[in-house]
Amino acid sequence: MTQTLTIIKPDDWHLHLRDGDTLQRVVGHTAARFGRAVVMPNLTPPVTTAMAAQAYRQRILEALPDDTTFNPLMTMYLTPSMSPQDIVEASKAEHVIGVKWYPAGATTNSSLGVHNINECTETLEAMAEYNVPLLVHGEVTDAAVDTFDREAVFVETILDPLLHQLPTLRVVLEHITTSQGADYVSSQGANVAGTLTPQHLLLNRTSLFQGGLRPHNFCLPILKRESHRVRLMEAATSGDASFFLGTDSAPHAQSAKESDCGCAGIFSAHAGIELYAEAFEDAGSLDRLEGFASKHGPAFYGLPLNTDTITLARESWQVPESYSLGQERLIPFRAGHSMRWSML
Ligand code: DOR
Ligand code: ZN
């Protein structure tokens, strides 16, 4: 049985770090494991310009522990007022890696997002021309569409027509949760990729109701039934370079999660690579972890591989029941449970 596993240092291609005190408290978990991370722009107010993204990146760098080489890669939040000129600026900004599309109302801090993507056609055309990737929260927001169907309906009725209109646009379907999403990404060319979270690889929708309502397993897109989880694991471990690691680690205060109207988001940065190691090991595919975690993402984004490595050891450790978040607490994924793999 493998006792240690050394891989090229991985990157997290989808991460929420927030700002201020929360940023200070969470960023070290990611910096201890990953070389780079794509940082989401859904702050209040959202990060909508290259200049705001650079300023946010500076705050992240200042919040980092000493002696880290962690490199935050930034995104801009798509709004109907983003212009082709904004895209030209994004394409020149060294650390801006893409534009994030939140359908308005789809998730946390998405109210300033896009109601109708046709309002953004010129901006998307500029993205195709200047080779700026579009990072997509792929869910329709129509109240008439069942929550569990929103990703599949989005892929069929919104994403596919968009890619027919702009076939060279580079697209990442973020946090894929369904077999339809995985099938779509694997059927497309090299300009279309997808990220997979640890929770969607490890849990299914029954985990939301295990012995009672489990708010800490609530994220968006919501967990789906087991057959979808199985398809996502197959995609992650297939060796297909279209799929790569994106934790979607999303810190919320305990009181905001355990509430009458609880927030969506699972904090997983404390075990951001260890969780995937468990999932891949359970599938008998530990040998595919390095491609998924460390190689496919850089290949899609046209970036070099990280030059250093990390080593995981088969040594169990206990996830804390919670972490401090100032006056609040942060409940991590697998709180109080043991993990099989440790970072050496
Ligand atoms: O569960 C989620 N939480 N899904 C998202 O799309 C956003 C994220 C957050 O920012 O909390
Ligand atoms: Zn996210």
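Other residues whose C-beta falls under 15 angstrom from the C-beta of Val47 contribute a net charge of +1, scoring Lys and Arg +1 and Asp and Glu -1. In the neighborhood of His228, defined by Cβ-to-Cβ distances under 10 Å, what is the net charge if each Lys or Arg adds +1 and each Asp or Glu adds -1? Net charge in that neighbourhood comes out at +3. Protein heavy-atom accessible surface, 1.4 Å probe, per residue over the stretch 1-131: 42 Å². Exposure check, 1.4 Å probe, all protein chains in place: Leu162 carries approximately 10 Å² of accessible surface. When shorter helices are ignored and each DSSP H run of at least 4 residues is given -39500 (n - 2.57), the per-residue value for the chain at 222 nm works out to -8000 deg cm²/dmol.
Counting Lys +1, Arg +1, Asp -1, Glu -1, what net charge surrounds Asp149 among other residues with beta carbon under 11 Å of its beta carbon? Please report the intermediate quantities before stating the final value.
On the way: positive: Arg150, Lys224; negative: Glu139, Asp142, Asp146, Glu151, Glu156.
That works out to -3.
Centroid-to-centroid, using Cα positions, the stretch 205-247 and the stretch 138-186 are 16 Å apart.
On a full-extension model of 0.36 nm per residue, what is the gain between Glu156 and Asp260, subtracting their alpha-carbon distance, rounded to one decimal in nm? Don't jump to the answer; show the numbers that get you there.
Details: separation 104, 0.36 × 104 = 37.44 nm, distance 3.28 nm.
Net length gain for the segment: 34.2 nm.
Of the options Gly284, Trp13, Asn204, report the single residue whose Cα projects farthest towards the positive end of the charge dipole of the chain (beta-carbon charges: Lys, Arg +1; Asp, Glu -1). Value: Gly284.
Near Val96, the amide H atoms lying under 5 Å from its own belong to Met74; only residues 5 or more places off or on other chains count, and H is placed 1.01 Å from N.
Note on the chain: dipole from Cβ charges, positive end direction compared against Met1, Thr311, His137; the farthest Cα belongs to Met1. If you take the Cα centroid of the stretch 309-327 and the Cα centroid of the stretch 282-300, the two points sit 22 Å apart. When the solvent-accessible area of the chain is split by element, carbon and sulfur atoms take up 49 percent of it, the probe being 1.4 Å.
So for the chain, considering every pair of alpha-carbon atoms, how many percent are separated by more than 32 Å?
On the way: 13631 of 58996 pairs.
When all Cα pairs of the chain are counted, 23 percent exceed 32 Å.
Heavy-atom accessible surface of Leu220, to the nearest 10 Å², is about 40 Å², with a 1.4 Å probe and all protein chains retained.
Counting only protein heavy atoms and using a 1.4 Å probe, the accessible area of Asp287 comes to about 130 Å².
The values are calculated or read from the model by the stated rules, or taken from the named source; none is laboratory data. Please read all numbers here as calculations on a predicted model, not as lab measurements. Using ideal geometry, Cβ is built from the backbone for each residue, glycine included, and neighbour counts are taken over all protein chains shown. The protein model used for the area step is the full one, side chains on, heavy atoms only, and it has no ligands, DNA or RNA in it. Shrake-Rupley method; radii C 1.70, N 1.55, O 1.52, S 1.80 Å.
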